[in-house]
Structure formats: structure tokens, C-alpha cells
Amino acid sequence: ARAQADEERAAARRALADAEARLDSLSRLARSYAGAFAGVRAAMQWAERAGRGGFALVQSIVRTPAELETAVEVALGSRLQNIVVERWEDAEDAIAELKRSGAGRATFMPLDTIRAPADDRRPSAERGRAGDAAVLGVAADLVDYDARYAAVVRQLLGRVLIVRDLPTARAELRRLPGGWTIVTLGGEQVNSGGSLTGGARTKESGALRRERELRELLGQVAAARAALEAA
């Protein structure tokens, strides 16, 4: 019994150490804004130095299921690095700092001025189609986010339809009005004008995957600590 208890404690310690190491690694990457554009990184670091709260990258406010990460990442593209701020004045101050330092450019989305699309009605092409397994739905409805960011998410993903494959995308293209984008689970993108983008899979930035893993690791570390205390 003592030997078994020792083995359980050793296993719990190893699990905790592994989870903490991975969490520390990803946290350092997040704090350094690895992979961010120069202007985005400079603006975020300036906000931290200046004690300006409320700055957040779009990639950090959208919680995406693992199976949809490629589609949502393709749909957002470089807008993953848009900076959400509380007020218009925050964006003005950050832009002034970027001009002063010559560090680059960034796109800001102030919560007090951002508006969701005026016509946010769902077209018949994807409304009430729950029985069609090939049409997953509007991207904004398939991700999670805090209520305060609703206008941001609806502006970015409110007119993006996620489907399983290109044949389904072509069928939906005939039904959707202008202004919509269709993205497949594999990352192909179809615009309402009829053009499509796709091909061999390239290396994804993995921004949404890293954000999801960070959230999951926090729970794993807490569970591992509890298991070690109970062992």
C-alpha cells in the first residue's frame, strides 16, 4: 500500500511538473507577443508599461473549439492581431506612441465605437439548417466570448459561414447574399463574389490553438495540484 501510494505521489508530481512547464512556456510566449506584427507588439508593450488596461488581441478574446480553429483562423486572418481597447482615446494615444517611436502600425477596435453589422439578420441559406450536417453555422455563433465583446465578434465573424467542404461551400454560395464569406473546416475560403482560395496546407500561426491550450493548462495545473495533495 505504501509503495502504491509512493507511485501515485510520484506520478502526480510528474503530471504537475509537466503541466507547469508547458504553462510557463506558453505564458512567456504570450507575454512576449511572439509572432505579432511589430506595431502590434509595440502597442501592447507600451500599454503594459503605461499601466493602460483593457488592451487585448482579438485572438485572446475568441474562444474557439479545437475542430474549428483552422476555419476561424483563416476567416480572421491578420485581424487576429487587431487590438481591442476600451475607448477611442486609448487607440488615439497608442497610435500617437507608435508614430513617436516609429515602431509600426496596428489596427484598434474601441469598444465605445465598434458596431456590429447594421443588418445582422441571418439569411435563409444558414438559418434553420441544423439538419444539414455539412453546414456548421455562422462563425460568430460557434465561438465563445465575453458579452462585452459581442459587437467586435459579430463585426468580424457575423457574416462568415463555416461548412465542412468545398462542394458544400459551392452549394451555399448560390444561396448567400453579397458580403458573406464561406470557410471550410480544412481552411478553404470562398468569397460571395465567387472567388475561392485554397491549396496545400501551410503552417498555421496556431494563435487560437495556443490560446486554447493556455486556458486548458490552467485547469490541468489546478487538477494536478489537487491530485498531489490528495495522494
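The values are calculated or read from the model by the stated rules, or taken from the named source; none is laboratory data. Not measured: the values here are computed from a predicted model. Backbone-built Cβ (ideal geometry, glycine too); neighbour counts: all protein chains shown. What goes into the accessible areas is simple: the full protein's heavy atoms, side chains included, and nothing from ligands, DNA or RNA. Shrake-Rupley method; radii C 1.70, N 1.55, O 1.52, S 1.80 Å.
Okay, residues lined up against (1) touching a helix residue (DSSP H, G or I) at 6+ places or on another chain (Cβ under 7 Å); (2) within 30 Å of D24 (Cβ to Cβ); (3) outside any helix (DSSP H, G or I):
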| residue | (1), (2), (3) |
| --- | --- |
| I162 | yes, no, yes |
| P177 | no, no, yes |
| V190 | yes, no, yes |
| R210 | yes, yes, no |
| L217 | yes, yes, no |
| Q220 | yes, yes, no |
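Quick one: which residue in E172, E216, E188, E211 is of a type in the set (D, E, K, R) and open to solvent by less than 30 Å² (accessible area, probe 1.4 Å)? Reasoning before the result, please.
Details: E216 fails: open to solvent by less than 30 Å² (accessible area, probe 1.4 Å); E188 fails: open to solvent by less than 30 Å² (accessible area, probe 1.4 Å); E211 fails: open to solvent by less than 30 Å² (accessible area, probe 1.4 Å).
Going through E172, E216, E188, E211 in turn, just one is of a type in the set (D, E, K, R) and open to solvent by less than 30 Å² (accessible area, probe 1.4 Å): E172.
Just checking, does the range 192-207 include any residue being farther than 30 Å from R2 by Cβ, open to solvent by less than 20 Å² (accessible area, probe 1.4 Å), modelled with pLDDT of 90 or more and within 22 Å of the chain's Cα centre (by Cα)?
For the range 192-207, residues farther than 30 Å from R2 by Cβ, open to solvent by less than 20 Å² (accessible area, probe 1.4 Å), modelled with pLDDT of 90 or more and within 22 Å of the chain's Cα centre (by Cα): absent.
Taking interchain pairs and intrachain pairs at least six residues apart, which have beta carbon atoms under 6 angstrom, with the first residue in the range 134-157 and within 20 Å of I182 (Cα to Cα) and assigned to a helix (DSSP H, G or I) and the second among the hydroxyl-bearing types (S, T, Y) and at pLDDT 95 or above?
V153/Y145
Scan the range 115-149 for residues that are more than 17 Å from E172 (Cβ to Cβ), at pLDDT 95 or above and open to solvent by less than 60 Å² (accessible area, probe 1.4 Å) and report the count.
Looking only at that region, the number is 3.
Could you check, for the range 38-49, whether at least one of its residues is in contact (Cβ under 8 Å) with a residue 60 or more places away in the chain, touching a strand residue (DSSP E or B) at 6+ places or on another chain (Cβ under 8 Å) and surrounded by 16 or more Cβ atoms within 10 Å (Cβ to Cβ)?
Taking every residue of the range 38-49 in turn, at least one turns out to be in contact (Cβ under 8 Å) with a residue 60 or more places away in the chain, touching a strand residue (DSSP E or B) at 6+ places or on another chain (Cβ under 8 Å) and surrounded by 16 or more Cβ atoms within 10 Å (Cβ to Cβ).
Considering A17, A12, which residue is of a type in the set (G, A, S), under 30 Å from A230 (Cα atoms) and in contact (Cβ under 8 Å) with a residue 24 or more places away in the chain?
Criteria check complete, one pass: A12.
So which residues in the range 152-169 are crowded, with 17+ Cβ neighbours inside 10 Å and either among the aliphatic types (A, V, I, L, M) or over 21 Å from Q59 (Cβ atoms) (or both)?
V152, V153, L156, L157, V160, L161, I162, V163, T168, A169
Can you tell me which residues in the range 58-102 are surrounded by fewer than 19 Cβ atoms within 10 Å (Cβ to Cβ) and in a strand (DSSP E or B)?
R63
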